[in-house]
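The values are calculated or read from the model by the stated rules, or taken from the named source; none is laboratory data. What you are looking at is a predicted structure, and each value in this text was computed from that prediction instead of being measured. Quick reminder, even Gly has a Cβ in these numbers, built from the backbone with ideal geometry, and neighbours come from all protein chains shown. Quick note on the areas: whole protein, heavy atoms, side chains included, nothing else; ligands and nucleic acids left out. Shrake-Rupley method; radii C 1.70, N 1.55, O 1.52, S 1.80 Å.
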There are 2 protein chains.
Amino acid sequence: MLSTVTAQTPSLPAHDNPTVVRLFEAAADAFADKGFHATTTRDIASRAGLSPAGVYVHFASKEDLLFQLSRVGHVAARDALAAAADEAASPTDALQEVISEFARWHAEQHQIARIVQYEFRHLSPDHQREVLTLRREIDAVVERIIAEGVASGEFDVEDTRATALAALSLVVDVARWYHPGIKATTPESIAQSYGALALRLVGARRRA
Amino acid sequence: MLSTVTAQTPSLPAHDNPTVVRLFEAAADAFADKGFHATTTRDIASRAGLSPAGVYVHFASKEDLLFQLSRVGHVAARDALAAAADEAASPTDALQEVISEFARWHAEQHQIARIVQYEFRHLSPDHQREVLTLRREIDAVVERIIAEGVASGEFDVEDTRATALAALSLVVDVARWYHPGIKATTPESIAQSYGALALRLVGARRRA
DNA sequence: GGCGAAACTAAGCAAGCGCTTAGTCAAGTT
DNA sequence: AACTTGACTAAGCGCTTGCTTAGTTTCGCC
């Protein structure tokens, strides 16, 4: 033992490895569907077409799978948000674009979104801390847009932080109720209406 | 055996029985904290000061405990809502009161609220169906208020159903992030600000 | 064609799970 | 005093869990 590196799974599983991808998809399906603790490693393995032990070739533990899924999901969400924010010409545009984009993401990627939003507490303390950093970046994007809108006079908001939280609540909850084929609702229609609702929340003068 | 009634738990556990109350509290704590599947019956029993077998004197199964908690929680929420709706003089008042009250409830009873909103899928299909009925009654209260506000011209809303869902999303998400002592936020301050935010969502002319 | 490494499986271990069984004990009831 | 009833526990059953171990197969490389 001593200084020999104990045989850990590669810290960043290769995304171009087809077996890893299948495992990601299998775990995402299962976690989103039944929750982390109700999902068994045997379930994940068989969905991916592997024996129970096959999982541990690519991931150190069941929690590691949840963490990687959660991390990749957060990064994807954050990048989608940041891109939408950068393209906008004004706080009003920015808020609408960002909430619109985020709502669409929560619908289109509702499995990953559900894991990101609701399985957080089952991560280890260390992994919670790491993911929390990413989450704060997302919150900060929205909060900054609202602060800018208030500064420019476009928005009428009492409590910037609380309003940002409310706008995010709107969007996050999509992951709770949305599933494909629900009541003539599509990711696109959700994106449209939630962008508009967010503008209402901040009392934007100009309506899109 | 034959036709003798198999010893089932009384279908409705007595709420005035102190041991039952302790079990309810223990299970609510545990489920809210760690989720249904991560909670063990031994954990519930020991929090309630009982041996592992003591739980089964009062409840038929772990799922039965979740169901009773979920049912009682839904009924309490629905009744609180309906009372708030009845007292209001106008749709504007009604919406503000109802969302305000519901938001307060989600903060004050955040443990029960979390179970009600996020442990639903771990109920048996039959129990899901029963709880869903109660949930639809809650949705209907909010939807009716918005429809009335649109009819009276107080609200400016494109899609009544979608807007009702959004208002409820706002409130439901409180159960995800709220915990006592968080950032100078109290159930009362949440109630205040969420009542106002709901009015913004429906484009109410009159602001409270 | 011999070798090392990587991917994978068959088998199974130790621990923990929900729940049951058999029994104790205290408080009525007759 | 004899019996019933209801709340509770000690012990543990049968099963499932996350994960490991020991071994097989496949494949690129010299």
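Between residue B:25 and residue A:196, what is the FRET efficiency for a Förster distance of 41 Å, r being their Cβ-Cβ separation, to the nearest 0.05?
For R0 = 41 Å, the calculated efficiency reads 0.45.
Please work out whether the stretch A:44-103 counts as rounded, prolate or oblate from its C-alpha gyration tensor, where a ≥ b ≥ c are the square roots of the eigenvalues and a/c under 1.5 means rounded, while otherwise a/b larger than b/c means prolate and anything else oblate?
Prolate, since a/c reaches 1.5 and a/b exceeds b/c.
Under 1.5 on a/c is rounded, so check that first for the stretch A:61-201, then, if it is not, pick prolate when a/b is larger than b/c and oblate when it is not; a ≥ b ≥ c are the square roots of the alpha carbon gyration tensor eigenvalues.
Because a/c hits 1.5 or more and a/b fails to exceed b/c, the stretch A:61-201 counts as oblate.
In the protein assembly as shown, if every C-alpha pair distance is counted and binned at 10 Å from zero, what percent goes to each bin?
4, 20, 29, 25, 15, 6, 1, 0
I need the phi-derived Karplus couplings for the stretch B:181-192: 6.51 cos²θ - 1.76 cosθ + 1.60, θ = phi - 60°, integer Hz, Gly and Pro marked x.
Karplus values, whole Hz, x for Gly and Pro: x, 8, 6, 6, 9, 10, x, 5, 5, 5, 4, 3.
Got a sec? Charge dipole of the protein assembly as shown, +1 on Cβ for Lys and Arg, -1 for Asp and Glu; which of A:203, A:190, B:40 is way out at the positive end?
B:40
Rounded to the nearest 0.05, what FRET efficiency do residue B:56 and residue A:189 give with R0 = 60 Å and r taken as the Cβ-Cβ distance? Could you check?
FRET efficiency, residue B:56 to residue A:189: 0.80.
Mind checking the angle between helix A:160-172 and chain A's longest principal axis? C-alpha axes, 0 to 90 degrees, to the nearest 10.
50
Please average, across the residues of B:184-191, the number of beta carbons from any other chain that are within 10 Å of each residue's own beta carbon, and give a whole number.
Across B:184-191, the average partner-chain Cβ count within 10 Å equals 1.
Every other copy gets compared here: list the nm distances from the residue B:140 label point (7 Å along Cα to Cβ) to its counterparts, shortest first, one decimal.
When each copy's label point is compared with this one, the spacings are 4.8 nm.
For the stretch A:75-84, in order, what is each residue's ³J(HN,Hα) by Karplus, 6.51 cos²θ - 1.76 cosθ + 1.60 with θ = phi - 60°, in whole Hz (x at glycine and Pro)?
Karplus-based 3J(HN,Hα) across the stretch A:75-84 equals 4, 4, 5, 4, 5, 4, 5, 4, 4, 4 Hz.
Estimate for me the total accessible surface buried between chains B and A (protein heavy atoms, probe 1.4 Å, no ligands or nucleic acids), in Å² to the nearest 100.
The buried area between B and A, both sides summed, comes to about 2400 Å².
Testing the spin-label approximation: label points 7 Å from Cα along Cα→Cβ at residue B:177 and residue B:156. State their distance in nm.
Placing both labels 7 Å along Cα→Cβ, they lie 2.7 nm apart.
On a straight-distance basis, which lysines could pair with residue B:62 in a cross-link, Cα separation under 21 angstrom, same-chain partners fewer than 8 positions away excluded?
Within reach: A:34, B:34.
Could you tell me the center-to-center distance, by alpha carbons, between the stretch B:52-76 and the stretch A:83-154 in angstrom?
37
Could you derive backbone 3J(HN,Hα) for the stretch A:109-122 from the dihedral phi with the Karplus parameters 6.51, -1.76 and 1.60 (θ = phi - 60°), listing whole Hz in sequence and x where the residue is Gly or Pro?
Each residue of the stretch A:109-122 in turn: 9, 5, 5, 4, 4, 5, 5, 4, 8, 10, 9, 3, 5, 8 Hz.
Using the heavy atoms of the protein chains and a 1.4 angstrom probe, tell me the accessible area per residue for the protein assembly as shown in square angstrom.
Here the per-residue accessible area is 47 Å².
For a quick size check, give me the Cα extents of the stretch B:139-204 along its three principal axes, largest first, whole Å.
41, 18, 16
Inside 10 Å of the C-beta atoms of B:169-182, what's the mean count of C-beta atoms belonging to other chains?
Partner Cβ neighbours, averaged per residue: 4.
With chain A rotated onto chain B, spot the residue of A whose Cβ lies nearest the axis and note the distance in whole Å.
Of all Cβ atoms in A, the one closest to the rotation axis yields A:37, 2.
For residue A:86, place a label point 7 Å from Cα along the Cα-to-Cβ direction in every copy; what are the distances to the other copies, in nm, shortest first?
Taking the point 7 Å beyond Cα along Cα→Cβ, the inter-copy spacings are 5.7 nm.
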